[in-house]
Amino acid sequence: MDGILALLGGILLVAGTTFLLLGGLGLVRMPDVFNRIQAGTKATTLGTLLSLAGIACLQPAWATKLLLIGLFILFTNPISSQVLARAAHRIGTEKSPLTSVDRLAEDQGNTP
Amino acid sequence: MVDMLIYLAATLAGLALLLALYRFIKGPSTADRVIAFDVLTIIGITAIGLVALIEQRGIYLDVALVYALLSFLGVIVIARYLERGL
Amino acid sequence: MLKAVNFLVVWVLLVFFWVLLNGSLATDVLLVGLIASLIISLLFSKDLALITEFRATPPAFGAALRYFLYFLKELVKSNIRLASIVLSPALPLNPGIVKTRTRLKSRMGRLMLANSITLTPGTLTVELDGEWLYVHWVTVESTDIEAATAEIVAGFEQHLEVMYG
């Protein structure tokens, strides 16, 4: 029984860190700031949550503290990426030429 | 078996750190660097968790928690600074 | 009356997090936590009013559970979709910022909605302006306000509406 839980923990850890790696890859491959925020912060949120769950399976005594870290990341990560996206848009960071539409800039009276 | 999985996870996290570090150095805009910094910290939290697991020291998790807290505040402050200066 | 309830909720939440953080229920630890949380909630509870905007009715708890499950499902589903985009050599992107509208009135409801949209990859809230949400979308499927709202916002909104109004 103990062995199964440990194995599950190991698998969760590998799955989580795979998502972290995908997030890093997205950060390198994506063409502009907004797409990088998309790829970078969210794949890593799921990746971190899975990894923390994996650690909790391997070390059940740490579960409450890991839960606290997980909750904190779940609440703060979207806020920080949102705030950063807004700041990047307000200071007019260059968007990728692929960008098809920008309703926000249109509503603010700028041509996209 | 499980030990191998843990080391595999640590390798993957290390590779992810390198990729984020590349973006952090390359830029090109400030916002790119901030987002790379944010990702570096998030991966760092997992890395600290893995170190805690390998070394069997639960106290390291407190470091991860404080690290998460400081990085969140840091990103918010930098974003605010980008928008209108301090 | 509402103020007192708000104060109590903030206090209890703070003590709960203190206990989680310490992982112990020893008398001295608990006492310090109770006093520190009391001071913080005395000073700041009026600024934290948005926590108590949750409607504590039975349907709201049901909606909260359904919202959580729906959120987890979306999180995994869209992470896999984003992973397939990142891994494909051609990088099939069609990014853009679209405008959507929400029916939610309360501040906490709107915050939760914006956070949920941001956490599901593929969509990222860029700006909140009253009932209007500007969302960055990696693969734009529609620039029409109604269609984009139905695609991005509606799924989360139906649960949050019961929870916060």
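The values are calculated or read from the model by the stated rules, or taken from the named source; none is laboratory data. All of these numbers come straight from a predicted model, not from anything done at the bench. We place every Cβ from the backbone using ideal geometry, glycine too, and count neighbours over all the protein chains shown. Just so you know, the surface numbers come from the protein's heavy atoms only, side chains and all, with ligands and any DNA or RNA stripped out. Shrake-Rupley method; radii C 1.70, N 1.55, O 1.52, S 1.80 Å.
Points worth noting:
- When the residues of region C:130-162 are filtered to those that are surrounded by 15 or more Cβ atoms within 10 Å (Cβ to Cβ) and among the charged types (D, E, K, R), the one that is nearest to C:ILE85 (Cα to Cα) is C:GLU151.
- Only a single criterion out of (1) more than 20 Å from A:SER81 (Cα to Cα); (2) at the interface with another protein chain (Cβ under 8 Å from one of its Cβ atoms) is not satisfied by B:ASP32, namely (1).
- When region C:65-110 is limited to residues that are under 28 Å from A:LEU50 (Cα atoms), at pLDDT below 80 and surrounded by fewer than 17 Cβ atoms within 10 Å (Cβ to Cβ), the one that is nearest to the other protein chains (Cβ to nearest Cβ) turns out to be C:LEU91.
- Single match in A:LEU13, A:LEU50 (criterion: open to solvent by 30 Å² or more (accessible area, probe 1.4 Å), on the phi < 0 side of the Ramachandran plot and at pLDDT 90 or above): A:LEU50
- Verdict on A:ALA88 being assigned to a helix (DSSP H, G or I), open to solvent by less than 30 Å² (accessible area, probe 1.4 Å), in contact with a helix residue (DSSP H, G or I) (Cβ under 8 Å, 6 or more places away or on another chain) and modelled with pLDDT of 70 or more: yes
- Selection count, region B:41-86, where residues are at the interface with chain A (Cβ under 9 Å from one of its Cβ atoms), buried (at least 16 other Cβ atoms within 10 Å of the Cβ) and without any contact (Cβ under 8 Å) to a residue 24 or more places away in the chain: 8
- Any chance B:ILE6 is part of a helix (DSSP H, G or I) and either of a type in the set (Phe, Trp, Tyr) or more than 7 Å from chain A (Cβ to nearest Cβ) (or both): no
- Qualifying residue in region A:5-20 (condition: outside any helix (DSSP H, G or I) and more than 11 Å from the chain's Cα centre (by Cα)): no
- Test result for B:ALA36, in contact with a Phe, Trp or Tyr (Cβ under 6 Å, 6 or more places away or on another chain) and over 22 Å from A:THR41 (Cα atoms): no
- Among the residues of region C:137-151, those that are of a type outside the set (Asp, Glu) and without any contact (Cβ under 8 Å) to a residue 12 or more places away in the chain comprise C:ALA147, C:ALA150.
- Residue-level check: of (1) modelled with pLDDT of 90 or more; (2) open to solvent by 70 Å² or more (accessible area, probe 1.4 Å), B:GLY14 misses just (2).
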